[in-house]
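Heads up, the thing below is written out as structure tokens.
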Amino acid sequence: MNRLQVDLPGLTLKNPIIPASGCFGFGQEYAKLYDLSKLGAIMIKATTLETRKGNPTPRVAETSSGMLNAIGLQNPGLAHVMEYELPWLEQYDVPIIANVAGTETADYVAVAEKISTAPNVKALELNISCPNVKCGGIQFGTDAKTASELTAAVKAVSNVPVYVKLSPNVTNIGEIAKAVEAGGADGLTMINTLIGMRLNPITGKPVIANGTGGLSGPAVKPVAIRMVYDVSQQVKIPIIGMGGITNAEDVIDFLSAGASAVAVGTANFVDPFVCPNIIDALPHKLDELACEKLTDIMGRSHR
Amino acid sequence: MIKQERMKVVRHKQIADDIFELTLIGQLSLEMKQPGQFVHIRVSDSFEPLLRRPISICSIDPEHMEFTMLYRAGGRGTKILSLKQPGDEVDVLGPLGNGFPVEEAETGETALLVGGGIGVPPLYELSKQLNAKGVRTIHVLGFQSINNVFYEKQFSELGDTYIVTADGSYGSKGFVTDLLAQLNPEFNVFYSCGPIPMLKALEQAFPDKKGFLSFEERMGCGIGACYACVCETTDAVAKDYLKICSDGPVFPRGVVAL
Ligand SMILES: Cc1cc2nc3c(=O)[nH]c(=O)nc-3n(C[C@H](O)[C@H](O)[C@H](O)COP(=O)(O)OP(=O)(O)OC[C@H]3O[C@@H](n4cnc5c(N)ncnc54)[C@H](O)[C@@H]3O)c2cc1C
Ligand SMILES: Cc1cc2nc3c(=O)[nH]c(=O)nc-3n(C[C@H](O)[C@H](O)[C@H](O)COP(=O)(O)O)c2cc1C
Ligand code: FES
């Protein structure tokens, strides 16, 4: 029996560890370091209909136990991802979760319809929470009605289950979560980055060219845990939790809070082997907690 | 191949104002081949500071499984690094990126190496490899002031070496390009690393020469996965953007929009 296995809509994961979208490219770079088949799944970089150039540099800045980024969804576009990136990933025994972004509903629908036909794409992650683009991103994720309608529109064309990625930059995340559940979402992924800013102490101007950036890394973990804890009690669909995960203890925290799997983002930059290291550490953690399997831990904060 | 290793500090000392010379020992040194490649260093085992620091490889000594880097202890991370003692371990990821193409200079030819400030270190291994191949090297190195000058002796042993300081406290006064205009050296190819205005002035000063420039940008992953370190390319290049960490940090002249 595999103690780490997790079953989610569309996804049978050999373990719950998934590199987060935007922090793992399309896998090519990390494949030079370890066997990607070891991972539970891979959330690939946000894909839009057209090629996106992204924002001017500097695009990242370090903060206390965290970082800000404003990459601006740079990606090679749907056609390239379908023709090169996804077929290349087929050599690995790992389900792909495609992160779908767009400027308007029609873009999301077009990307979702096409990308969900790729044989290794087992789920979509609807990115309605990118804080770094002027249009198409966070404004879809901060209004319950818009979020719900977009979810329904994408659900209608997708061949695979649809997970919606929630933004923490809202007053009431539970309301948005319930709205996308009502719109037909099969699951939630949360959280995306928190809007932040860092100033240059000499000039007084923002360090990041975009002005603001999205905060991620260990600094955001308590916010993410609170949100997973709240939302998991308000919806029936499963949650893939993320925000500041760096080790196996963090994973246990997220599962305890109510997540069914997790994604690891920024920590990949700190230690490129963080995902396989966590996977190796999880069985020992279970032994320490005298738990038979990982699913026993899920949601225990509510019990 | 890119490796991650906890390497041991063999030697570590201050060699100029805020400039440190750090020599590490470990298997990873054996992977280092090309001058101008860099390593990504984690300065602390905690998450404070969080990100790794990119630092160029200054010299490689495969025989002793060692490599040396020079860095300026200026900010949070590099100040922590400067406290490491011989015997301490440092988490190194590398070698990363594409460095200076040594093969672009033929035996018997002359290469001009131009460095500015903390852009000087990667030119040292480059000069060693060029000299080993029988390429004559001319070094023009610019610093702020006399207290910032380092490695003059090391470069002098390899070829003609000219020092320029912005305030004139050592060598000639001004920028490297001022001195180059006076010297008007004969050479076949130039290699350079330093501040953007310097790289730009060089491209303009030698419009007909073959040249290679090394760039810096803020990094996340250091391996090409996060798209943090992109640079804009000139019209001549088909791609919109290149990544400094994995496509660079060294590019042929005319590729990066300056
Ligand atoms: C390819 C490459 C090679 C380099 N080689 C050398 C070298 O040989 N010697 C040397 O002294 N310096 C080198 N640098 C610059 C060096 O990386 C920065 O000076 C260093 O990261 C600053 O860290 P800190 O902790 O002192 O500063 P902090 O201000 O505390 O750093 C905060 C953040 O900003 C980043 N950062 C700050 N300055 C720079 C910079 N100039 N370039 C990129 N990121 C920066 C840091 O990595 C960190 O993420 C190189 C940079 C690059 C990109
Ligand atoms: C450099 C960078 C790029 C990102 N790009 C995307 C993206 O393209 N799509 C997306 O949905 N989230 C993106 N994110 C957000 C992450 O997937 C994740 O939600 C967030 O960083 C929190 O997790 P962490 O603290 O483990 O990094 C990005 C994050 C970073 C740091
Ligand atoms: S630092 Fe991540 S792509 Fe260059």
Restricting attention to the range A:259-277, which residues are within 7 Å of chain B (Cβ to nearest Cβ) and either near ligand 2 (Cβ under 9 Å from one of its atoms) or more than 20 Å from residue B:92 (Cβ to Cβ) (or both)?
A:268, A:269
Could you say whether any residue in the range B:217-228 is modelled with pLDDT of 95 or more, among the hydroxyl-bearing types (Ser, Thr, Tyr) and within 14 Å of ligand 2 (Cβ to nearest atom)?
yes
Is there a residue in the range A:224-240 that is within 12 Å of chain B (Cβ to nearest Cβ) and surrounded by fewer than 24 Cβ atoms within 10 Å (Cβ to Cβ)?
no
Test for residue B:224: is it more than 12 Å from ligand 1 (Cβ to nearest atom) and open to solvent by less than 10 Å² (accessible area, probe 1.4 Å):
yes
Exception for residue B:212 within (1) assigned to a strand (DSSP E or B); (2) within 14 Å of chain A (Cβ to nearest Cβ) falls at (2)
Scan the range A:106-130 for residues that are modelled with pLDDT under 95, surrounded by fewer than 24 Cβ atoms within 10 Å (Cβ to Cβ) and either within 16 Å of ligand 1 (Cβ to nearest atom) or not in a helix (DSSP H, G or I) (or both) and jot them down.
none
Which residues, taken from the range A:1-52, are among the basic types (Lys, Arg) and within 11 Å of chain B (Cβ to nearest Cβ)?
A:32, A:45, A:52
List pairs: first residue in the range B:143-160 and closer than 14 Å to residue B:126 by Cβ, second residue open to solvent by 40 Å² or more (accessible area, probe 1.4 Å) and among the hydrophobic types (A, V, I, L, M, F, W, C) anywhere in the structure, Cβ distance under 9 angstrom, at least six positions apart or on different chains.
B:151/B:15
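Rundown of residues vs (1) among the polar types (S, T, N, Q); (2) more than 14 Å from chain A (Cβ to nearest Cβ); (3) within 8 Å of ligand 1 (Cβ to nearest atom), yes/no style:
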residue	(1), (2), (3)
B:21	no, yes, no
B:37	yes, yes, no
B:43	no, no, yes
B:61	no, yes, no
B:72	no, yes, yes
B:92	no, no, no
Residue selected from the range A:24-33 under the condition open to solvent by less than 30 Å² (accessible area, probe 1.4 Å) and more than 12 Å from ligand 2 (Cβ to nearest atom), by the criterion nearest to the chain's Cα centre (by Cα):
A:27
Matching option when the condition is touching a residue at least 40 places away in the same chain (Cβ under 8 Å), touching a Leu at 6+ places or on another chain (Cβ under 7 Å) and open to solvent by less than 30 Å² (accessible area, probe 1.4 Å), among B:19, B:2:
B:19
Conditions (1) buried (at least 18 other Cβ atoms within 10 Å of the Cβ); (2) within 17 Å of the chain's Cα centre (by Cα); (3) within 16 Å of ligand 1 (Cβ to nearest atom): number failed by residue B:211
(3)
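For every residue, the table says whether it meets (1) in contact with a helix residue (DSSP H, G or I) (Cβ under 6 Å, 6 or more places away or on another chain); (2) assigned to a helix (DSSP H, G or I); (3) in contact (Cβ under 8 Å) with a residue 24 or more places away in the chain; (4) not hydroxyl-bearing (Ser, Thr, Tyr).
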| position | (1), (2), (3), (4) |
| --- | --- |
| B:201 | yes, yes, yes, yes |
| B:204 | no, yes, no, yes |
| B:218 | no, no, no, yes |
| B:232 | no, no, yes, yes |
Please find, within the range A:95-105, the residue that is surrounded by the fewest Cβ atoms within 10 Å (Cβ to Cβ) out of those that are assigned to a loop (DSSP other than H, G, I, E, B) and in contact with a strand residue (DSSP E or B) (Cβ under 6 Å, 6 or more places away or on another chain).
A:95
Matching option when the condition is open to solvent by 20 Å² or more (accessible area, probe 1.4 Å) and within 16 Å of ligand 1 (Cβ to nearest atom), among A:69, A:55, A:2:
A:69
Of the residues B:81, B:93, which is under 30 Å from residue A:266 (Cβ atoms), more than 16 Å from ligand 2 (Cβ to nearest atom) and touching a strand residue (DSSP E or B) at 6+ places or on another chain (Cβ under 6 Å)?
B:93
Identify, please: which residue in the range B:229-242 is facing chain A (nearest Cβ under 10 Å) and either touching a Lys or Arg at 6+ places or on another chain (Cβ under 7 Å) or within 15 Å of ligand 2 (Cβ to nearest atom) (or both) and is, among those, farthest from residue A:62 (Cα to Cα)?
B:240
State whether the residues of the range A:243-253 include one that is farther than 19 Å from residue A:22 by Cβ and surrounded by 24 or more Cβ atoms within 10 Å (Cβ to Cβ).
yes
Show the residue pairs that are 6+ apart or on different chains and have beta-carbon atoms under 6 Å apart, the first residue being within the range A:56-74 and of a type in the set (Val, Ile, Thr), the second being at pLDDT 95 or above and assigned to a strand (DSSP E or B).
A:60/A:67; A:60/A:69
With (1) of a type outside the set (A, V, I, L, M, F, W, C); (2) open to solvent by 10 Å² or more (accessible area, probe 1.4 Å); (3) in a strand (DSSP E or B); (4) touching a residue at least 40 places away in the same chain (Cβ under 8 Å) as the list, and residue B:84 as the residue in question, which single condition is left unmet?
(3)
Considering residues that are part of a helix (DSSP H, G or I) and open to solvent by 60 Å² or more (accessible area, probe 1.4 Å), the number found within the range B:184-199 is 2
Having 2 or more residues that are out of contact with any strand residue (DSSP E or B) (no Cβ under 7 Å at 6 or more places or on another chain) is the bar; report the strands (runs of 3 or more DSSP E) wholly within the range A:159-239 that clear it.
none
Restricted to the range B:248-258 and to residues being assigned to a loop (DSSP other than H, G, I, E, B) and touching a strand residue (DSSP E or B) at 6+ places or on another chain (Cβ under 7 Å), the residue modelled with the lowest pLDDT is B:257
Failed item in (1) buried (at least 24 other Cβ atoms within 10 Å of the Cβ); (2) among the small types (Gly, Ala, Ser); (3) more than 6 Å from ligand 3 (Cβ to nearest atom), with residue B:236 passing the rest
(1)
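The values are calculated or read from the model by the stated rules, or taken from the named source; none is laboratory data. Only a predicted model underlies this, so the values are computations on that prediction, with no experimental measurement involved. Every residue, glycine as well, gets a Cβ built from its backbone with ideal geometry; the counts of neighbours run over all protein chains shown. Keep in mind that these areas ignore ligands, DNA and RNA; they rest on the heavy atoms of the full protein, side chains included. Shrake-Rupley method; radii C 1.70, N 1.55, O 1.52, S 1.80 Å.
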